[in-house]
Structure formats: structure tokens, C-alpha cells
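Novice: Please see the structure below; I have some questions.
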Amino acid sequence: MRLCVLGAGAVGSAVVELAAEHGHVVTAFADSESAVVDADGIDADAVLSKKREEGVVGDADPESVFDADYDVLVEATPTTLGDAEPGFSHVERALADDRDVVLANKGPVAERYADVRALEAESEGTVRFGATVGGALPILSTIEDVGPSRVSAVYGVLNGTANFVLSRMAAEGLDYEHVLAEAQDLGVAEADPTFDVDGTDTALKGVIVANVLSEGETEYTLDDAEVEGIQELSGSMLDLAAEDGQTIRLIVEVADGAVRVGPRLVPENGAVAPSGTENAVQIEADYCGRLGITGQGAGGPETASAVLTDVERLAD
Amino acid sequence: MSEVRNDVQAYTLRLELVDEPGELLRSLQPIAEHGGNLLSIFHERGNVTPRGYIPVEVDIEATPDRFDNIVEGLSEAGINVIQAGTERYSERLTIILSGHLIETDLSDTLTQIEATRNATVTDISLSAPAGSIDVSSARLQLAAESGSTEDVLSAMRDIADEKDLQLVEPLTVGGRA
């Protein structure tokens with residue numbers, strides 16, 4: 001497949017780097033300021049080093065990528081709330097040209113799911129967004145395979161940064177501020193980790209799951225989620241939990257048409273208390289009971305591999 | 001196994017009825033419908049609960065299967081089942097509260113939890129690293145009536161809101177209390 005990759009952050013860059021290995025060609029690549037277009041396929045190494053050294057991917061206008069020859073638009077620009085722009089407009093333009101879309105950006109399917117589905121219905125193109133929930137973990141594809149109507153609940157840990165902070169607090173008896181600073185030094189937490197620790201990122205993923213489960217009956221956005229973060233937790237609260245064989249994790253619960261995110265007491269070595277930056281999700285489904293998916297979810301190459309898996313599925 | 005399940009046993013049901021004509025009769029219908037044998041009824045008409053309900057104690061005989069159906073039938077009919085056989089307080093819940101626990105009167109907090117009537121505090125562990133005037137945390141173990149986990153948690157949220165305390169709930173989705 002010929003890919004047009006928008007966004008040159010960790011995920012977009014990793015998609016460009018790994019595309020050839022998966023048998024795909026990147027014909028257009030853009031960040032917010034610049035673009036490079038080549039119908040024969042861009043030179044990934046050259047473009048990525050240009051991005052690292054000069055801060056741009058090429059000399060072309062970012063707008064020019066939409067005129068390129070491509071089959072699949074990979075939307076990997078930063079997630080934005082509310083109108084989900086500019087990601088949403090990118091999806092709109094690709095679908096208007098009857099191209100497929102693979103999202104790494106959560107905004108369009110978390111904040112404007114019905115709009116995206118309506119545009120998709122008018123188009124020959126298809127939208128896939130497996131990478132938006134749990135990165136490389138096959139959470140949405142498992143729900144798709146089981147059948148959304150047979151899934152009664154999805155819950156677990158979907159933010160590696162918050163999980164890292166809580167597992168360190170529990171292991172070392174340290175307070176939140178201390179561990180967060182350490183996580184930033186290690187590069188686990190971003191310079192501005194607000195969305196990770198206040199529950200917003202986890203809630204967006206929960207909302208996407210809720211949208212998939214509702215199969216168009218109800219549209220969910222971030223406003224429909226009940227969200228509480230981990231900023232107020234102290235080391236002594238984790239100590240109290242440990243005395244009882246439990247720990248605290250930032251958990252999303254999608255069940256009975258509601259999305260709730262907040263710190264929850266869970267069994268210390270249980271299925272939804274992964275260590276470090278891992279994610280862990282349980283899917284409850286009719287007939288097959290509880291399915292567990294655990295692993296390293298986020299990260300550039302991990303999420304890029306999920307994007308390329310979606311591209312494969314479109315090719316089938 | 002079927003022999004055991006067919007054994008008729010005596011059960012006590014504690015119900016709370018709305019103070020309206022016909023409620024007692026309505027509460028007995030599921031028992032009759034599902035094959036329970038009525039032994040006695042103690043209708044405490046003059047003894048209204050703090051929430052304005054009338055407590056009723058019903059002794060019946062039934063097989064365990066039928067008894068389960070009776071309790072389910074009562075719940076479906078919207079009858080408040082406070083105690084069913086030996087099932088009272090069969091669910092264990094752990095919560096953590098954090099904030100100005102001492103200043104907001106911890107014993108009053110516990111009294112309020114007890115006053116919710118479908119839960120009782122069975123254990124408490126307090127951590128006040130900076131002394132009684134600062135933020136402290138407590139782990140509370142609650143015994144809740146069967147099936148009332150969501151009601152108990154909702155009451156906890158109200159109490160925590162009112163006292164400006166942070167509540168960490170247990171994960172209960174998917175029946176894991």
C-alpha cells in the first residue's frame with residue numbers, strides 16, 4: 001500500500017521507518033510546517049535525519065500531501081480535544097477522496113465518532129483506529145473479533161505513565177511528586193504529563209472503546225466520562241492498600257453504557273495491576289468469559305506496528 | 001448433589017416495605033409464586049425505620065433453588081430485601097479515604113457509613129504520617145449486603161464529597177468486588 005503519513009512525532013516517524021519492512025511505500029510525509037512527496041517512495045532515512053537535524057521533513061507545503069498518490073492516510077498528529085482539529089479535517093479530506101484512513105490520533109474517534117462514521121459511510125474509504133487504544137495491544141481488534149455486542153465490560157490500565165508512577169510509589173513508598181520527577185528524568189513521563197496523570201488520556205481511550213461497543217447507538221465524547229486523576233494520591237495510601245494485599249492503579253471501566261476513570265483498589269498481583277509502563281486490559285464477553293491482554297502498549301515503534309497492522313487489514 | 005439441593009430449609013427474610021396499602025400482600029406474592037411455604041410473618045407496623053420504611057420479617061420454608069427464585073422475584077417486584085437467609089453482609093469491600101480525616105471527625109464518618117444500613121465497618125487502618133492536623137489516610141474494610149455493592153459505594157461517594165475527602169474505590173466492574 002502507498003501511505004501518506006501526517007505527523008512526524010514518535011509514532012509518525014516510526015511508521016515511516018518501519019513501512020518498507022512491512023512491504024509498504026510512503027509516498028507523502030508531513031509535519032505541521034513542512035512536507036515531502038515522492039510518488040516512488042520517500043527516502044525514509046534521509047527524511048528522518050533531516051527532521052532530526054533541521055526540524056523539517058522536506059521543502060514542500062504540508063497541503064501538497066493530499067494531492068499525492070496514496071492509498072491510506074496515516075493520521076499521527078497530536079491528539080486534540082473538542083473539535084479534534086486538525087486531525088479531523090485530515091480524515092475528512094482523505095475520505096472525500098475515497099482513501100482509507102488509519103488513526104494513531106485519538107481525537108477524531110474520541111470526540112467526533114459519529115461525524116467520522118458518517119463521513120466514512122459516504123466514502124469508498126474505511127477508517128481503522130486500533131492503535132488509539134493500548135498501542136500495540138490488540139484490544140480493539142479483539143473486541144471486533146468477539147463482536148462488540150457480545151462484550152459486556154472492558155476495564156483495566158491504559159496509560160503507561162500513570163501506571164509507572166503508581167507502581168514505583170507502591171514499590172518504593174515514595175510520594176507522587178518525587179516519582180513523577182523521576183519518571184520525567186527517565187523519559188517515561190513527558191515534560192507536561194497532565195493528560196497522563198489527570199486521567200484524560202485514559203478516558204479518551206475508554207470513550208473510544210465505548211463508541212465501538214455501542215455500535216452507533218450512543219455517541220460518547222470525553223464529556224461523557226467520569227474522570228479522576230492520580231495527582232492527589234500519597235505513598236501512605238499505597239502502603240495502606242499493600243497491607244491488605246492490594247494496590248492502587250489508574251483504571252478505566254467501560255460497562256453499562258458508562259465510562260469511568262479513576263484510581264481503584266485492585267489485587268496486588270492481579271490481572272489489572274501490571275508493572276512499570278505496561279498496560280493491562282480485561283475484556284468480558286458472553287460465552288468466552290474474561291479475556292486478558294497485557295503488555296507494552298505505547299511507544300513510537302509499538303504504536304507504529306499497530307498502525308501497520310491496521311494497514312495490513314485494509315489491504316486484505 | 002440433587003438430594004442436597006432439594007432439601008427444604010427454613011429461611012428468614014427481612015424486608016422493608018413502603019408505608020402504603022397493599023404492600024404487605026404484594027411482598028408475599030413472589031413467595032407464593034415461587035413455591036415458598038409461609039411459616040410466620042412479623043409485621044412491625046409501629047416501628048418505622050429512619051428512612052420511613054416498615055420492617056417485616058417473614059419466615060418461610062423452601063428448597064435452596066426456590067429460595068433463590070423468591071429473593072430474585074422480590075427484588076424484581078421492587079421490594080427491599082434487607083436480609084435473605086444467611087446472606088446478610090456477604091460481600092467484602094475495601095476502600096481508602098484520604099484528607100482531613102481527623103478534623104472532619106472520623107468517628108462521625110464511621111457512624112454515617114453504619115447509618116447507610118446496608119454496610120458495616122469491620123476493620124480500619126489509619127495512617128497519619130504528619131500528625132492529626134494534616135492529611136491522613138485510612139483503609140476501611142466494609143461488609144456489605146449481598147448485591148448492594150453499588151449502593152454502598154454510592155453512599156461512600158456522598159460521604160466523601162460532603163467531607164471533601166478523597167475516596168479510592170475498589171474495582172467492582174464485572175462482578176469483581
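The values are calculated or read from the model by the stated rules, or taken from the named source; none is laboratory data. What you see is a predicted model; the values in this text were computed from it and never measured. Note that each Cβ is placed from the backbone with ideal geometry, even for glycine, and that neighbours are counted across all protein chains shown.
Novice: Quick one: in segment A:133-158, which of the residues that are in contact with a strand residue (DSSP E or B) (Cβ under 6 Å, 6 or more places away or on another chain) and within 22 Å of residue A:198 (Cα to Cα) is surrounded by the fewest Cβ atoms within 10 Å (Cβ to Cβ)?
Specialist: So, considering only residues that are in contact with a strand residue (DSSP E or B) (Cβ under 6 Å, 6 or more places away or on another chain) and within 22 Å of residue A:198 (Cα to Cα), the one surrounded by the fewest Cβ atoms within 10 Å (Cβ to Cβ) is A:155.
Okay, residues lined up against (1) within 10 Å of chain A (Cβ to nearest Cβ); (2) basic (Lys, Arg); (3) over 19 Å from residue A:241 (Cα atoms):
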{"residue": "B:107", "(1), (2), (3)": "no, no, yes"}
{"residue": "B:112", "(1), (2), (3)": "no, no, yes"}
{"residue": "B:116", "(1), (2), (3)": "no, no, yes"}
{"residue": "B:127", "(1), (2), (3)": "yes, no, no"}
{"residue": "B:130", "(1), (2), (3)": "yes, no, no"}
{"residue": "B:135", "(1), (2), (3)": "yes, no, no"}
{"residue": "B:139", "(1), (2), (3)": "yes, yes, no"}
{"residue": "B:146", "(1), (2), (3)": "no, no, yes"}
{"residue": "B:156", "(1), (2), (3)": "no, no, no"}
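Novice: Continuing with this model, one more query. Looking at segment B:158-173 only, could you name the residues that are over 18 Å from residue A:261 (Cβ atoms) and either within 9 Å of chain A (Cβ to nearest Cβ) or outside any loop (DSSP other than H, G, I, E, B) (or both)? Give the derivation first.
Specialist: Looking only at segment B:158-173, we keep the residues that are over 18 Å from residue A:261 (Cβ atoms), and these are B:158-159, B:162-165.
Selection gives B:158, B:159, B:162.
Novice: Could you tell me whether segment B:80-101 includes any residue that is under 22 Å from residue B:147 (Cα atoms), exposed (fewer than 13 other Cβ atoms within 10 Å of the Cβ) and of a type outside the set (Ser, Thr, Tyr)? Walk me through it before giving the result.
Specialist: Applying the first criterion (under 22 Å from residue B:147 (Cα atoms)) to segment B:80-101 yields B:80-96.
Keeping just the survivors that are exposed (fewer than 13 other Cβ atoms within 10 Å of the Cβ) gives B:86.
Remaining after also requiring of a type outside the set (Ser, Thr, Tyr): none.
No, segment B:80-101 contains no residue that is under 22 Å from residue B:147 (Cα atoms), exposed (fewer than 13 other Cβ atoms within 10 Å of the Cβ) and of a type outside the set (Ser, Thr, Tyr).
Novice: Still on this structure, please answer the following. Run residue A:291 past the list (1) crowded, with 22+ Cβ neighbours inside 10 Å; (2) aliphatic (A, V, I, L, M); (3) more than 9 Å from chain B (Cβ to nearest Cβ); (4) touching a helix residue (DSSP H, G or I) at 6+ places or on another chain (Cβ under 7 Å) and report the number of the one that doesn't hold.
Specialist: Failed condition: (1).
Novice: Looking at residue A:121, is it in contact (Cβ under 8 Å) with a residue 12 or more places away in the chain, surrounded by fewer than 20 Cβ atoms within 10 Å (Cβ to Cβ) and of a type in the set (A, V, I, L, M, F, W, C)?
Specialist: For residue A:121, the condition - in contact (Cβ under 8 Å) with a residue 12 or more places away in the chain, surrounded by fewer than 20 Cβ atoms within 10 Å (Cβ to Cβ) and of a type in the set (A, V, I, L, M, F, W, C) - is not met.
Novice: Output the residues belonging to segment B:136-177 that are more than 21 Å from residue A:253 (Cα to Cα) and at pLDDT below 85.
Specialist: Hits for segment B:136-177 are B:143, B:144, B:145, B:146.
Per-residue answers, yes or no, for (1) in the same structural domain as residue A:128 (by TED's automatic domain parsing); (2) touching a helix residue (DSSP H, G or I) at 6+ places or on another chain (Cβ under 7 Å); (3) farther than 23 Å from residue A:128 by Cα; (4) surrounded by 14 or more Cβ atoms within 10 Å (Cβ to Cβ):
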| residue | (1), (2), (3), (4) |
| --- | --- |
| A:49 | yes, no, yes, no |
| A:54 | yes, no, yes, no |
| A:70 | yes, no, no, yes |
| A:98 | yes, no, no, no |
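Novice: Do we have residue A:223 as surrounded by 21 or more Cβ atoms within 10 Å (Cβ to Cβ), at pLDDT 95 or above, charged (D, E, K, R) and in a helix (DSSP H, G or I) here?
Specialist: On the way: surrounded by 21 or more Cβ atoms within 10 Å (Cβ to Cβ): no; at pLDDT 95 or above: yes; charged (D, E, K, R): yes; in a helix (DSSP H, G or I): yes.
No, not satisfied.
Novice: Can you list residue pairs whose Cβ atoms sit under 6 Å apart, with the first residue in segment A:262-279 being within 10 Å of chain B (Cβ to nearest Cβ) and the second being among the acidic types (Asp, Glu)? Count only pairs 6 or more apart in sequence or on different chains.
Specialist: Listed pairs, sorted by first residue: A:262/A:228; A:264/B:169.
Novice: Tell me, which residue of segment A:226-240 that is at the interface with another protein chain (Cβ under 7 Å from one of its Cβ atoms) and crowded, with 24+ Cβ neighbours inside 10 Å is farthest from the chain's Cα centre (by Cα)?
Specialist: A:240
Novice: Let me ask something else. Out of A:181, A:203, A:162, A:170, I need the residue that is among the hydrophobic types (A, V, I, L, M, F, W, C) and free of Cβ contacts under 8 Å to residues at least 40 places away in the same chain. Which one?
Specialist: Result of the check over A:181, A:203, A:162, A:170: A:181.
Novice: Filter segment A:32-81 down to the residues that are of a type in the set (D, E, K, R) and in contact with a Leu (Cβ under 8 Å, 6 or more places away or on another chain), then identify the one that is nearest to residue A:9 (Cα to Cα).
Specialist: Per the criteria, the residue is A:75.
Novice: Name the single residue, out of those in segment A:174-203 being under 17 Å from the mean Cα position of the chain (by Cα) and among the acidic types (Asp, Glu), that is surrounded by the fewest Cβ atoms within 10 Å (Cβ to Cβ). Even if it seems obvious, please write down each step before you answer.
Specialist: Of segment A:174-203, the ones under 17 Å from the mean Cα position of the chain (by Cα) are A:188-190, A:193-203.
If we keep only those that are among the acidic types (Asp, Glu) as well, we get A:190, A:196, A:198, A:201.
Working: A:190: 12, A:196: 26, A:198: 18, A:201: 25.
Restricting to residues being under 17 Å from the mean Cα position of the chain (by Cα) and among the acidic types (Asp, Glu), the top hit is A:190.
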